[in-house]
Each structure stands twice: as structure tokens, then as C-alpha cells.
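The values are calculated or read from the model by the stated rules, or taken from the named source; none is laboratory data. Owing to the predicted nature of the structure, the values given are computational and were not obtained by experimental measurement. Heads up, the Cβs are rebuilt from the backbone with ideal geometry, glycines too, and the neighbour counts pull from every protein chain shown.
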Amino acid sequence: MEESRNSPDPRYGAWKFIHEIELEDILAHPVWLWCVQLGLPDEDSGPIGGDETSMRPLLESEIVPLDHVAPPLILLRVSGTEFYASGLYDRGKRMIESISVFASGSATAPAHVSALPEPVVYVAVPSIDDHRHLRFRSEKRTSDDAIQEP
């Protein structure tokens, strides 16, 4: 019998491994948090059936919580295109890391999406530090990280 992926806390949704999070998932919930950081019962090293790469969506909020050590996964728009992307927001570095672009039905490295402009500007969908639409710039479309614009 498969263990339930549901959350014991109503603030969070069912967990997924980070590589299982699809565009529909992150469009529905634009902020995902690492299970090991949530302090949920029996999840000190990840949820039952999961591991340290398991994440849960933050339900009913489009605000990036800043009290987590590990960077949350957030939804991004690629400015000037129809593409969506996701990446890990590092508040201390003021950047997005490990960016994936949703193209051809799956998440892929920006280097594999030839239609991306150069430089690439990613726009945060959720609110960060009480700011909407923060912009992050990557000089090369082959890079999987981007620096927050002033």
C-alpha cells in the first residue's frame, strides 16, 4: 500500500519530488517548500515515502516565506515570451538558481530552449518581500541562474 502524500497541516499540499513538479502544479501553487524545513510530524528527513528532495506547495498564498533556510521553488514568467519557468529563490544572494523552463510539455534547462531571448529576464509570479513582479536577469540563455535587478 502506497503511503499518503497529503499534508497533516492544511497550509501545505501533497508532496512531490522536485523533478515531479509540472507546470500545472506550479501554476496552481506558485510557491513550493522543502518538506524537511516545514517541521511537520515524522518528516524530519522528508515525508514517509519521500526524501530530502520532496517539496510541498504552499496553499492559499502567493507570498514567498523568507524564514526558510533552503530556498523555495517559485514560479517565474520569461519576460517577452509565453514561457514559464521555475527556480530556487536565494534571498541572501538575491538570485534565482537551478532555473528550469517549461517548454514542449516538460521542465528543461534554459540552454535547451533556443527561443529564449538573450539576455533572459525572469519575472517572479509570487510576491517577495512585499514586492510584486521582481525581475531577475541572466545575461546568457544557457545559464540556469539569474541575478535580481535593482
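Which numbered condition trips up Ile96, out of (1) free of Cβ contacts under 8 Å to residues at least 60 places away in the same chain; (2) surrounded by 14 or more Cβ atoms within 10 Å (Cβ to Cβ); (3) within 21 Å of Trp15 (Cα to Cα); (4) under 11 Å from the mean Cα position of the chain (by Cα)?
(3)
Report yes if Val78 is of a type outside the set (Gly, Ala, Ser), at pLDDT 95 or above, buried (at least 20 other Cβ atoms within 10 Å of the Cβ) and within 23 Å of Asp130 (Cα to Cα), otherwise no. Can you show your working first?
Details: of a type outside the set (Gly, Ala, Ser): yes; at pLDDT 95 or above: yes; buried (at least 20 other Cβ atoms within 10 Å of the Cβ): yes; within 23 Å of Asp130 (Cα to Cα): yes.
Yes: the conditions hold for Val78.
Of everything in segment 46-105 that's in contact with a strand residue (DSSP E or B) (Cβ under 6 Å, 6 or more places away or on another chain) and among the hydroxyl-bearing types (Ser, Thr, Tyr), which residue is farthest from Phe17 (Cα to Cα)?
Looking at the filtered set, the residue picked out is Ser79.
Considering segment 35-45 alone, what residues qualify as being out of contact with any strand residue (DSSP E or B) (no Cβ under 6 Å at 6 or more places or on another chain) and in contact (Cβ under 8 Å) with a residue 12 or more places away in the chain? Please lay out each step first, then the result.
Of the residues in segment 35-45, the ones out of contact with any strand residue (DSSP E or B) (no Cβ under 6 Å at 6 or more places or on another chain) are 37-45.
Within segment 35-45, Gln37, Leu38, Leu40, Pro41 qualify.
Scan segment 99-127 residue by residue and report those that are in a strand (DSSP E or B), of a type outside the set (Gly, Ala, Ser) and without any contact (Cβ under 8 Å) to a residue 60 or more places away in the chain. Let's see the steps before the verdict.
Within segment 99-127, the subset in a strand (DSSP E or B) is 99-103, 106-108, 120-124, 127.
The next check asks that each one be of a type outside the set (Gly, Ala, Ser); those that pass are 99, 101-102, 108, 120-123.
Hits for segment 99-127 are Ile99, Val101, Thr108, Val120, Val121, Tyr122, Val123.
Just to verify a result, which residue in segment 138-147, among those that are crowded, with 17+ Cβ neighbours inside 10 Å and part of a strand (DSSP E or B), is farthest from the chain's Cα centre (by Cα)?
Only one residue tops the list, namely Ser138.
Scanning segment 12-44 for residues that are over 13 Å from the mean Cα position of the chain (by Cα) and among the hydrophobic types (A, V, I, L, M, F, W, C), which turns out surrounded by the fewest Cβ atoms within 10 Å (Cβ to Cβ)? Steps first, answer last, please.
The initial filter retains those residues of segment 12-44 that are over 13 Å from the mean Cα position of the chain (by Cα), namely 12-15, 35-44.
Adding the requirement that they be among the hydrophobic types (A, V, I, L, M, F, W, C) leaves 14-15, 35-36, 38, 40.
Working: Ala14: 12, Trp15: 26, Cys35: 25, Val36: 20, Leu38: 19, Leu40: 17.
The extreme case among them is Ala14.
With respect to Arg91, determine if the residue is surrounded by fewer than 19 Cβ atoms within 10 Å (Cβ to Cβ), over 14 Å from the mean Cα position of the chain (by Cα) and at negative phi. Spell out how you get there, then give the answer.
Details: surrounded by fewer than 19 Cβ atoms within 10 Å (Cβ to Cβ): yes; over 14 Å from the mean Cα position of the chain (by Cα): no; at negative phi: yes.
Against the criterion (surrounded by fewer than 19 Cβ atoms within 10 Å (Cβ to Cβ), over 14 Å from the mean Cα position of the chain (by Cα) and at negative phi), Arg91 does not qualify.
Over 12 Å from the mean Cα position of the chain (by Cα) and surrounded by 12 or more Cβ atoms within 10 Å (Cβ to Cβ): which single residue out of Pro126, Pro72, Pro47, Pro150 fits that description?
Details: Pro126 fails: over 12 Å from the mean Cα position of the chain (by Cα); Pro72 fails: over 12 Å from the mean Cα position of the chain (by Cα); Pro150 fails: surrounded by 12 or more Cβ atoms within 10 Å (Cβ to Cβ).
Of the residues listed, the single one that is over 12 Å from the mean Cα position of the chain (by Cα) and surrounded by 12 or more Cβ atoms within 10 Å (Cβ to Cβ) is Pro47.
Can you tell me which residue among Glu60, Glu149 is of a type in the set (D, E, K, R) and under 25 Å from Arg11 (Cβ atoms)? Let's see the steps before the verdict.
Working: Glu149 fails: under 25 Å from Arg11 (Cβ atoms).
Testing whether each residue is of a type in the set (D, E, K, R) and under 25 Å from Arg11 (Cβ atoms) leaves just Glu60.
Please verify whether segment 53-61 includes one or more residues that are basic (Lys, Arg) and at negative phi. Show your work before the answer.
From segment 53-61, those basic (Lys, Arg) are 56; that's our starting set.
Narrowing the set further to residues that are at negative phi leaves 56.
Looking through segment 53-61, at least one residue is basic (Lys, Arg) and at negative phi.
So is Glu52 of a type in the set (Asp, Glu), at pLDDT below 95 and buried (at least 19 other Cβ atoms within 10 Å of the Cβ) or not? Explain how you work it out, then say what you get.
Details: of a type in the set (Asp, Glu): yes; at pLDDT below 95: yes; buried (at least 19 other Cβ atoms within 10 Å of the Cβ): no.
The answer is no for Glu52.
Quick check on Pro57: is it assigned to a loop (DSSP other than H, G, I, E, B) and crowded, with 17+ Cβ neighbours inside 10 Å?
Details: assigned to a loop (DSSP other than H, G, I, E, B): no; crowded, with 17+ Cβ neighbours inside 10 Å: yes.
So Pro57 does not fit the description; no.
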